[in-house]
Each structure stands twice: as structure tokens, then as C-alpha cells.
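Participant: Have a look at this one before I ask anything.
The values are calculated or read from the model by the stated rules, or taken from the named source; none is laboratory data. No experiment lies behind these values; they were computed from the predicted model shown. Note that each Cβ is placed from the backbone with ideal geometry, even for glycine, and that neighbours are counted across all protein chains shown. Areas reflect the complete protein model, heavy atoms only, side chains present, ligands, DNA and RNA absent. Shrake-Rupley method; radii C 1.70, N 1.55, O 1.52, S 1.80 Å.
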Amino acid sequence: MESALQQLEDIEQEALKGIADAEDAESLDRVRVEFLGKKGRLTRVLRGLAAVPAQDRPQIGQRVNEAKERLARAVDARKSAIREREREARLSGPQLDISLPGFGQPCGAIHVLSRTMAEICDILGGFGFCIAEGPDIEDEYHNFEALNIPEDHPARDMQDTFFVHGGRVLRTHTSPVQIRVMESLQPPLQIIARGSVYRHDDDVTHSPMFHQVEGLMVDEGVTFSHLKGVLTAFLQRIFERELPVRFRPSYFPFTEPSAEVDIGCVMCDGSGKADGVCRICKGSGWLEILGCGMVDPAVFAHVGYDSEKYTGFAFGLGVERIAMLKHRIGDIRLFYGSDLRFLKQF
Ligand code: FA5
């Protein structure tokens, strides 16, 4: 009995020393397995109880269990101490230098077309025009018929249309939004419609998809003078100078009378000359910038407005054309090419 207890005492002392000497988690675990594991030395003493006289077994068993508990507590305490020491070492080791400059993210910018569109809408918004919306895929009624362009009308050839199945088209202009607005609202009204339009057209100044802004004002007593005043003020604001503006008689099926508006050439200041003949206005001194007119009574008839009581004006402009003139851009395709050398200039 005495020798068994002594043996236990020796094992416990040896284990406590191993635990105290363990420098890291791995060596501590090796000590734990050696003494407390399933095949560890204390467990072996328990298994060997069969050879101990029966009256001594309870006392030795109890001592083994007490020793196991003390050793388990010592292992836990040593484990915490090792962790704490490692944490201290980490904290007092080389510091992270948070003053080092980071990796910069290149900064994007708003596309020149979006910016031009926003500027146009801001100016017209300042004149009291509210924004209206219409679909890009339009029915032929709204894109043509209600705008006084019947099926056999030669005006349908003026715009090379992309047809979609089921009597629908990719809208060729923003004018169908005029019809949609007048179908749902009564005068007085003053709206602009902006967005993409589509035509079978492709060269340095024409694109199959481009952007328009449409304006419409309807009320009692609206005259061509109002139209002239609004557009002249608009053009001078968007080009940021006192440009000469002229209204040239033209034809649109949905306006009567109709006009095209020209501005003095932004390149040669209306002289027609810039290193020889100005290549932007081709020597004329003028640049065509938008179409406009007084709403045709036939259009009012389609939406049920009384054309004896109401009059209105409408206009439609190309956003790309304005951006090209404002920033002297020679090829419309640059807008859609994603060439950073071009885009970075804005
Ligand atoms: C129209 O589209 C008429 N709906 C405008 C209008 C509205 C007139 C209301 C009267 C009353 P036009 O086809 O001319 O008109 O086009 C208007 C502008 O769009 C042109 O002045 C031009 O700047 C631009 N444009 C026309 N086709 C293209 C194209 N393929 N690519 C880029 N811009 C274009």
C-alpha cells in the first residue's frame, strides 16, 4: 500500500514538473498524453488496481482520481499561461505600420454623354419642364400614326426604323412620349422626355443608337414666340455664350409650322473659315442643332385635345450632337468605344 502511494506521489511530481517545463502548446500536450491519456501512466495505475489487495483499492483509486484532477487543472493553467505569453510576444513584436500609403483605386467619372444629358435637363428643368418617361420598344401607333405619320406617309422613310415583332418598333425618336403624356394629362403641361432612340444609320455623325431630349408645352395662348424664346435661352446656356441662333423653315409631320434651328458655328464663330473652309460647318457658318414646331392640330385630335382652345410647341434635339459641338468631338463612335484616352479628357 505505502509503496503504491509513493509511486503515485512520484508520478504526480514528475508530471507537475513536465507541465511546468513545457514551453509551448505542443510539448504541454505531449506531457498531458504521457500522464493523463488513455494509455497514460496514471490510467495504467488505475488498471493495475486488480493486483492491489481489495481493502487498499478504494484509497488508491481515490488518490489516482485526485491526482488526475490536480494534473488536469495544472495543464489548463499552463495552457493559459503559454497562450498569454504568446499574445504578449505578438503585441510587443514588430508593429503594423498603419501610416503606409494604401493601394489607390482609380477614380471613375461620369460619362460625357450622361453629363451633357444632365446639363440639358437641368437647364430645361429650370425653365419649368418636368421629366416624362416612355418605353424604348414602342408601338407603331405612338411612334408614327398618332404623330400624323400614317402607314403610307413618305415621312416613315425619313427614319430608318428597326422593327420588332408584333407591330412594335425600337422608337425612332422621343416624340411618342408627347402622345403618351397627352393621353394621360390635360393641359396646361410642360414636359421633357429623354432617352435612347434607334435608327438604321451609321457614320461619323450618326449612330444606330443615340439619345434625344424632347420638349413639349401645351396651354392656351402658347405661340411660336414662346418656342423661340425658350430655345434661344436654352442654346445660349448650354453652349455658355451668346451664340447667334436662327430658325429655318422645315417639315415634320407632327408640327405645323416646323423649323430647324441652327446656331453660329462653334468652330469658326460663324465666319465659315478656319484654316481654309471650316470643316465643321462646311463654310456655311451655321450648324443645324435641333428640330421644332407648333404641335399640329391633327396630333391634338389623336389625343382628344381641343385645338381651338389649346396650342403647343415641341422640339427634339440630339444629345450626341450637342456634346460633339460643345467639346469639338469629330466622331460619334468615340462616345461608345470605352477608349480611356478619350474618356479621361472629360
Ligand atoms: C426628330 O427626331 C424629331 N422627332 C424632332 C422634333 C421633335 C421635331 C418635336 C419637331 C417637334 P430629327 O430626325 O431631325 O427630328 O432628329 C433630331 C436630332 O437628332 C437631329 O437634329 C440630330 O441632332 C439627332 N440625330 C438624328 N439622327 C441621328 C443619328 N443617327 N445619330 C445621332 N444623332 C442623330
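Participant: Can you run phi through the Karplus equation (6.51, -1.76, 1.60; θ = phi - 60°) for segment 66-83 and list ³J(HN,Hα) in whole Hz, with x for Gly and Pro?
Facilitator: Going residue by residue, I get 5, 4, 4, 4, 5, 5, 4, 5, 5, 4, 4, 5, 5, 4, 4, 5, 5, 4 Hz, with x marking Gly and Pro.
Participant: Keeping to pairs on different chains or 8 or more places apart, tell me how many lysine pairs in the chain have Cα atoms under 15 Å apart.
Facilitator: Lysine pairs satisfying the spacing and distance rule in the chain number 5.
Participant: Put +1 on the Cβ of every Lys and Arg and -1 on every Asp and Glu Cβ in segment 93-223; which of ALA109, PHE163, SER99 then has its Cα farthest towards the positive end of the dipole?
Facilitator: Checked the options; the winner is SER99.
Participant: Here's another thing I want to ask about it. Dipole of the chain (Lys/Arg Cβ +1, Asp/Glu Cβ -1, origin at the Cα centre): which of ALA74, HIS206, SER184 lies farthest to the positive side?
Facilitator: The residue sitting most towards the positive pole is ALA74.
Participant: Between ASP29 and GLN236, what is the spin-label point distance in nm, taking each point 7 Å from the Cα along the Cα→C-beta axis?
Facilitator: For the pair ASP29/GLN236, the computed spacing is 8.4 nm.
Participant: So what J values fall out for segment 332-346 if you push phi through Karplus, 6.51 cos²θ - 1.76 cosθ + 1.60 with θ = phi - 60°, rounded to Hz, Gly and Pro as x?
Facilitator: 4, 5, 4, 5, 9, x, 6, 7, 4, 4, 6, 5, 5, 6, 10
Participant: Using R₀ = 56 Å, calculate the FRET efficiency as 1/(1 + (r/R₀)^6) where r is the Cβ-Cβ separation of SER338 and CYS130; round to 0.05.
Facilitator: Computed FRET efficiency for SER338 and CYS130: 0.95.
Participant: If we count every other residue with Cβ under 14 angstrom of LYS17's Cβ, Lys/Arg +1 and Asp/Glu -1, where does the sum land?
Facilitator: With Lys, Arg at +1 and Asp, Glu at -1, the neighbours total -2.
Participant: How high is the relative contact order of segment 2-91, in percent, counting Cα pairs under 8 Å that sit 6 or more residues apart?
Facilitator: Dividing the mean separation by the residue count of segment 2-91 yields 35 percent.
Participant: If you roll a 1.4 angstrom probe over the protein chains with everything in place, what fraction of the accessible area of segment 108-198 belongs to carbon and sulfur, to the nearest %?
Facilitator: Carbon and sulfur together cover 53 percent of it.
Participant: Would you kindly calculate the mean projected area, averaged across all directions, of the convex hull enclosing the Cα atoms of segment 2-91, in square nanometres?
Facilitator: That works out to 5.6 nm².
Participant: With charges only on Cβ, +1 for K and R and -1 for D and E, what is the dipole size of segment 112-343 about its Cα centre, in debye, rounded to 20?
Facilitator: That gives segment 112-343 a dipole magnitude of about 940 debye.
Participant: Let me have the relative contact order for the chain, percent, based on Cα pairs under 8 Å that are six or more residues apart.
Facilitator: Computed over the chain, the figure is 14 percent.
Participant: Quick one: 3J(HN,Hα) in Hz for segment 250-263, Karplus 6.51/-1.76/1.60 with θ = phi - 60°, rounded, Gly and Pro as x.
Facilitator: Those phi angles translate into 8, 9, 9, x, 9, 10, 7, x, 10, 8, 10, 9, 10, 10 Hz.
Participant: Near HIS211, within a Cβ-to-Cβ distance under 15 Å, what is the net charge of the other residues, with Lys and Arg +1 and Asp and Glu -1?
Facilitator: Summing Lys and Arg as +1 and Asp and Glu as -1 gives +1.
Participant: Ranked highest first by average number of other Cβ atoms within 10 Å, how do 339-346, 306-313 line up?
Facilitator: 306-313, 339-346
Participant: If each of ALA81 and SER225 carries a label point 7 Å out from its Cα toward its Cβ, how far apart are those two points in nm?
Facilitator: The modelled label-to-label distance comes out at 10.2 nm.
Participant: Let's test this: bin the Cα-Cα distances of the chain at 20 Å from zero up to the farthest pair and state each bin's percent.
Facilitator: 23, 31, 7, 9, 18, 11, 1
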